[in-house]
Each structure stands twice: as C-alpha cells, then as structure tokens.
Amino acid sequence: MVSTLSLLSPESNSNFDSLFYLHAPPLFLTGRKKVNSWQLLTLCCSVSYSVSLSFSISTSETLFLPLTHSLSKTQFTSTHHLLKSTSTRSTARFHHYHHNKNSHNHRQVSLPLSPGSDYTLSFTLNSQPISLYLDTGSDLVWFPCQPFECILCEGKAENASLASTPPPKLSETATPVSCKSSACSAVHSNLPSSDLCAISNCPLESIEISDCRKHSCPQFYYAYGDGSLVARLYRDSIRLPLSGPPNLIFNNFTFGCAHTALAEPIGVAGFGRGVLSLPAQLATLSPQLGNQFSYCLVSHSFDSDRVRRPSPLILGRYDHDEKERRVNGVNKPSFVYTSMLDNPKHPYFYCVGLEGISIGRKKIPAPEFLRKVDREGSGGLVVDSGTTFTMLPARLYDLVVAEFENRVGRVNERASVIEENTGLSPCYYFANNVVNVPSMVLHFAGNGSGVALPRRNYFYEFLDGGDGKGMKRKVGCLMLMNGGDEAELTGGPGATLGNYQQQGFEVVYDLEKGRVGFARRQCASLWEALNQN
C-alpha cells in the first residue's frame, strides 16, 4: 500500500515542525570523514525540481517524492532566448568549477538561480511552502529564516518564482549546533573544535577539558558564483506526518539557518556525498533506507505541457528493475553502472570515468584525463544535475563536432545565425523537415555496453521563424558544449553530464556500492506506478 504524506505540521502552534521524518536514533557524525566547509557548497549535481505538497511512501525502506521542473513556475520565453540563457549558464557553471583552484579559504560555488533549466525541491514548513534547490553537489541543507534580509534578491526571487512566501521561523525546539560537534568542524573548513570553541568565547579552562558543549557553532559564510550568505547550524526534529499514524521523524536533523544573504533568496537541499547532505542524514537517522537515491527526469524538450509533469525522486533501497517489470509487464535491460571516482578537491562530486563517445558506428576515445581524477582534483566526468547541457573538453568536443559535420553537414546547410542566437553549435537547417542525425552512445569506465542517448537528449529540433517574412524552417542543434582546453580545466572536472542528457533515464546514486547507474525509463509512468495502491 502507498501512504500519502502530508507536509503540514500536526501542531499548529509550532514554528518549525515539518520536512522529512523517520523513526530513528539521534544523528551522530563522529567517526565519519570530515570535509572542507567551502567544499560543502561546491556544486556538482544540482537539479531544480519542486516537490509538491505531498509525499508518497511504499515501504519503510523507500520514500518517493514528486519533482517539478522550474519552468513549470515561469512564463516561457522565445526558443532562442531560452537556449541562449541555458547554454550561457551551463558554460559559466562549468568554468566556475576551475576558477578558484588557488583559493583555499573561500571556495565559491555556482548555484543556478535563473528559470529555464533547473529543478527545485519544495515542501511545506509550518504550513508555509518552502522551495530549495535540490543539489547533488553540496552536502548541506540550508534555507532563509525569519528575520531574513536579502540584498539584491528582488529580481532573482521574481524570476525563480520561489520566494513568494516569507521564510519560516525557528521553533522553540530548534537547538544551535555545538562548537564541539563534527558538523561544526565540517562546515568551517575542518577547523579543530578547540579553535571553533575559542571563536565562540568558550573559556580556556573549558576548552582544555573539552567542556564547551553549551557554546554554539560560529556563524559561517558561503560565497556563491554571484552571491553569498551568512548562516548558523541548528538541529531540530523534522516531521513528515503520514495520512495515519505513525509519523516519520528525523531527530536532530542538522540544517543551516540564514538571516542575511546577498543575491541568494533560495536555499539548498544538499544531496552530495558529504555527511551533512539530506541522503546522508537519512541513512544515519533511518538505516533501513540505506545510502542511495535516484531520480527519473521526465523528457520535456522545453515543452510547456511535458515540463509540468512530475518526475520521481526515490530515496532509499529499491528494486528499480522489478518495479519496472511489474509496471510494464516486460523485462527491461538492467542498469548500466559505473564506479564513482573520489575527488580530493571536490569530495561531494559524483565523478565517474568516461572512456569515449560513439557517433553512429564510430567510437571516439576520450582523453585519458576524463577516465580518472588526479591528486589536484582534475579530470573525470561529473554527473551534474545543475548543469543543463553536457560540457566536454575541447579535444573531445571537436572530434564529436567533426563527425557530426561529416555526417550531417555534408547534406544540410549550417545555421550560423542560429548558433549565434542560441549559443549551441553546430546547428543545421533541414530541408523538407527531414532530420537525419547519427546515434550517440556514452561509454563509461567499467561497462562496455555504454548508455545510448535518445536523439532528443542530444539534438534539439525546433521551427525557426526567421525575420517573419518567410516560411519557418526546421532547425536542429547539438546540445553538447565546448568546455575549453585541458590546460584550462585543471583543479576541476574535465567534463559534466548535464540534466538535459539525463532525461528519460533513472539515474541511481548508490553510495553503498560506490557507483552511479543509468536505465531508460518512462519517467512519467514510473511516477504514476509508484503511487498505485
């Protein structure tokens, strides 16, 4: 049976009573690997989806959440403008990963705040709707708290359609995280607890005997690509009531509460590999869930109807293939798995090795640095739900484009004006609306079969109105982008797999086995099936 989870707090007099919750012991972070605080916000896989105001749960080991693309909350613009904005943001985000390689104290991250290509996680907090970016590249959950002052946020809040309601207040049961906690150390660049407690004015004699539990973790500062914030760490019991008893409870759930921000009106639900991420806390607070999650992004091609359909986010252990067999009555191919690569500089990234890309029958080998990550954090491919279009290093991108030019450009006119207006390349005009493009397969390390992408995932087709004086012409553009020369990519990923290329796949992040998996799915049907009794 599937139970519906209301997001409204059962106690109307509580100021902070809802989010997710499970029967579990308190959260303990001791003994787990600590990580750099500024790396906490290094974004690798952020997706902006909105979780609607109800959750579904099928077993004690699995939570199902509906996700909605951010375009569903915005007014659509022209195709040219939408593609240009999305391609520009994909490029800027990718390059930002590499721009701060010489900074050790103030690591910045790039958070997508513009509508058109992202996903947000929404829920109701104390009867107030809250929307956060679902970010698989950071490991902290934070959001604005009352009183909240945000400078230069008006435009972003209006465009993102996410900050129309006031931020929540902390409840009376919320407690500041101690300066002695490992969570405090993690969010402050792994500073020793003695230093943090000294900053918190704990007396020297108390520091010497490790008796500073009553002193709060100091405020921390986060700098994004185009904004920043100051926040404090808190813990509280976060609840998600079922349609009937019992409630699911997170005891001592850790989150950041921001009272001041610059151009950052929206919070983040971190889903990265660190100890403070939402999945990591779930795994600790409710071990039966395990340490894995997946999402299945509905294929939309920026279509206004499709983009409004919910996409499932699945938290916990789950027999994905068995569910698909029961839904469709046929056997589906198993997941294509590839091992995660550890990145010493960006520990929250879901990095994998890329061995090559096949265009039609021709396999193009990937440069060696895409198959591994070195000690400086350079190389590998990041599965990035926050970047829309896949970014490739120039050497591999040029070979892919050359093969497209050889297969498509020989018989179709190059659409250079469209390339300039959209930021995508190559683009072609297709006579008689007949579009023939080669297939594309991504070959990940450790799996020979590869992941075959549907054409709509890598080649965008639309009708161009031109100057309005003539007939509309069929246009198609490659949705892979040039990330730059290898020398420019040191200290960061060599490539990213964007969320547009992930549409129509269930993408599994299995931290128990250290792997990422891909399987073709009818994502809209999967969500409907997950909610069947």
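The values are calculated or read from the model by the stated rules, or taken from the named source; none is laboratory data. The structure presented is a predicted model; accordingly, all values stated were derived computationally and were not measured. No Cβ is skipped: glycine too gets one built from the backbone with ideal geometry, and neighbour counts run over all protein chains shown.
Quick rundown of the values:
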item: Scope segment 354-377; condition within 18 Å of Met391 (Cα to Cα), in contact with a Gly (Cβ under 6 Å, 6 or more places away or on another chain) and not in a strand (DSSP E or B); matching residues; result: Ala366, Phe369, Leu370, Arg371, Lys372, Val373, Gly377
item: Among the residues listed as Thr422, Thr388, the single one being in contact with a helix residue (DSSP H, G or I) (Cβ under 7 Å, 6 or more places away or on another chain), within 30 Å of Ser189 (Cα to Cα) and not aliphatic (A, V, I, L, M); result: Thr388
item: Segments classed as helices (runs of 4 or more DSSP H), wholly inside segment 391-502, with at least 3 members that are under 30 Å from Arg375 (Cα atoms) and not aliphatic (A, V, I, L, M); result: 394-404
item: Residue in segment 464-484 that is surrounded by the fewest Cβ atoms within 10 Å (Cβ to Cβ), counting only those that are in contact with a strand residue (DSSP E or B) (Cβ under 6 Å, 6 or more places away or on another chain) and more than 23 Å from Arg93 (Cα to Cα); result: Lys472
item: Subset of segment 418-447 [at positive phi and either outside the structural domain of Met481 (by TED's automatic domain parsing) or more than 27 Å from the chain's Cα centre (by Cα) (or both)]; result: Asn432, Asn433
item: All positions within segment 416-441 that are of a type outside the set (Val, Ile, Thr) and crowded, with 16+ Cβ neighbours inside 10 Å; result: Glu419, Asn421, Gly423, Leu424, Ser425, Pro426, Cys427, Tyr428, Phe430, Pro438, Met440
item: Test for His104: is it in a helix (DSSP H, G or I), modelled with pLDDT under 80, of a type outside the set (Gly, Ala, Ser) and on the phi < 0 side of the Ramachandran plot; result: no
item: Subset of segment 348-378 (residues that are under 26 Å from Arg273 (Cβ atoms) and either of a type in the set (Gly, Ala, Ser) or at pLDDT below 90 (or both)); result: Tyr348, Gly353, Gly356, Ala366, Gly377, Ser378
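Condition check ((1) modelled with pLDDT under 85; (2) over 18 Å from Ala280 (Cα atoms); (3) among the small types (Gly, Ala, Ser); (4) buried (at least 18 other Cβ atoms within 10 Å of the Cβ)) across all residues:
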residue	(1), (2), (3), (4)
Trp142	no, no, no, yes
Gln146	no, yes, no, no
Ser161	yes, yes, yes, no
Thr175	no, yes, no, no
Cys179	no, yes, no, yes
Ser182	no, no, yes, yes
Ser185	no, no, yes, yes
His188	no, yes, no, yes
